[in-house]
1. Which numbered condition in (1) more than 20 Å from residue 137 (Cβ to Cβ); (2) in a helix (DSSP H, G or I); (3) in contact (Cβ under 8 Å) with a residue 12 or more places away in the chain is the only one that residue 180 fails?
2. On the given criteria, is residue 59 part of a helix (DSSP H, G or I), on the phi < 0 side of the Ramachandran plot and modelled with pLDDT of 75 or more?
3. Condition check: at pLDDT below 90, under 23 Å from residue 127 (Cβ atoms) and under 24 Å from the mean Cα position of the chain (by Cα). Does residue 230 satisfy that?
4. Take the conditions assigned to a helix (DSSP H, G or I), under 15 Å from the mean Cα position of the chain (by Cα) and touching a residue at least 60 places away in the same chain (Cβ under 8 Å) and apply them to residue 306. Does it pass?
5. Look through 247, 216, 207 and report the one residue that is modelled with pLDDT under 75, under 28 Å from residue 51 (Cα atoms) and either in contact with a helix residue (DSSP H, G or I) (Cβ under 9 Å, 6 or more places away or on another chain) or not in a helix (DSSP H, G or I) (or both).
6. Being over 22 Å from residue 76 (Cβ atoms), more than 14 Å from the chain's Cα centre (by Cα), buried (at least 19 other Cβ atoms within 10 Å of the Cβ) and modelled with pLDDT under 70 narrows it down to one residue among 254, 290; which is it?
7. Going by what's in this entry, would residue 90 be described as farther than 23 Å from residue 51 by Cβ and in a helix (DSSP H, G or I)?
8. Evaluate region 129-139: report whether one residue or more is under 14 Å from the mean Cα position of the chain (by Cα), modelled with pLDDT of 75 or more and within 22 Å of residue 262 (Cα to Cα).
């Protein structure tokens, strides 16, 4: 079995390259050593921010990847990381500006390079829709996990046992999310209410559409051709899931810097660590060794979705989001270790 450090050889190399690029970008932007050092520091902080916010993402990814065929695991861990780094950390922020400012892609790149303050303002103005879409999708992901009659292991029993009993009510998860979205839209000013509700419905429709595609493509078939398709639905689901996890990190990064390219470098470094953590969790079968770790990750997903909703009204620092996720996962890990100890002693 590979040592723990062996899983992080690539991320360590990417970190060195990324921090060097951050230093160069700072020197190129300001022309001073202090400017270069400030960009180096921000690049490192962004990488740490992405890792802390995305550890639950790695656990959820591993939970899905372990059921996929090896060929689709490899495709997600190669193509998927390219989509994650270049799609979400570069293309997505540009796409937001293209839609919000009604400019072309080239103009959006020019705006990011020449007027980062205006670029950041446009991204901030779009945070209502982004929070509603991402929060809705992640809330559906978490509720789908807990509202499952076939789920056998409970961590917080008085919550999970009841949710499992209610799982027989068709459409309960969708109803809960729609009610939450309606309540949030009522709490928002009239000018923002419609935007939030529309984006939330889009997030819900996206989740249901991806579920439908996954069910259709990943249905068991007898032919090899159909089997080759198996995994594409899960691949698509993982990509949308990663995108939803990335929303808060991308938006939160603008609190540290307005430079799109520095944000892409810092969050891109973090994305490679998430990939390596995912591989380690799958190859070491960590989720089966720590029976409540998966539960902690999905509680963290649920907490993140609620925080994203809350960010539509209040400013919630990303450090709080990261600490809540880390605390939930840490508590689930401690509970798992205690369970393993009791089991061995019995």
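1. (1)
2. Details: part of a helix (DSSP H, G or I): yes; on the phi < 0 side of the Ramachandran plot: yes; modelled with pLDDT of 75 or more: yes.
So residue 59 passes the test.
3. Numbers: at pLDDT below 90: yes; under 23 Å from residue 127 (Cβ atoms): no; under 24 Å from the mean Cα position of the chain (by Cα): yes.
Spelling it out, it is not the case that residue 230 is at pLDDT below 90, under 23 Å from residue 127 (Cβ atoms) and under 24 Å from the mean Cα position of the chain (by Cα).
4. yes
5. On inspection, the qualifying residue turns out to be 247.
6. After ruling out the rest, the residue left standing is 254.
7. Answer is no for this residue.
8. yes
The values are calculated or read from the model by the stated rules, or taken from the named source; none is laboratory data. These numbers come from a predicted model, not from an experiment. With ideal geometry, Cβ positions are generated from the backbone for all residues, glycine too; neighbour counts draw on all protein chains shown.
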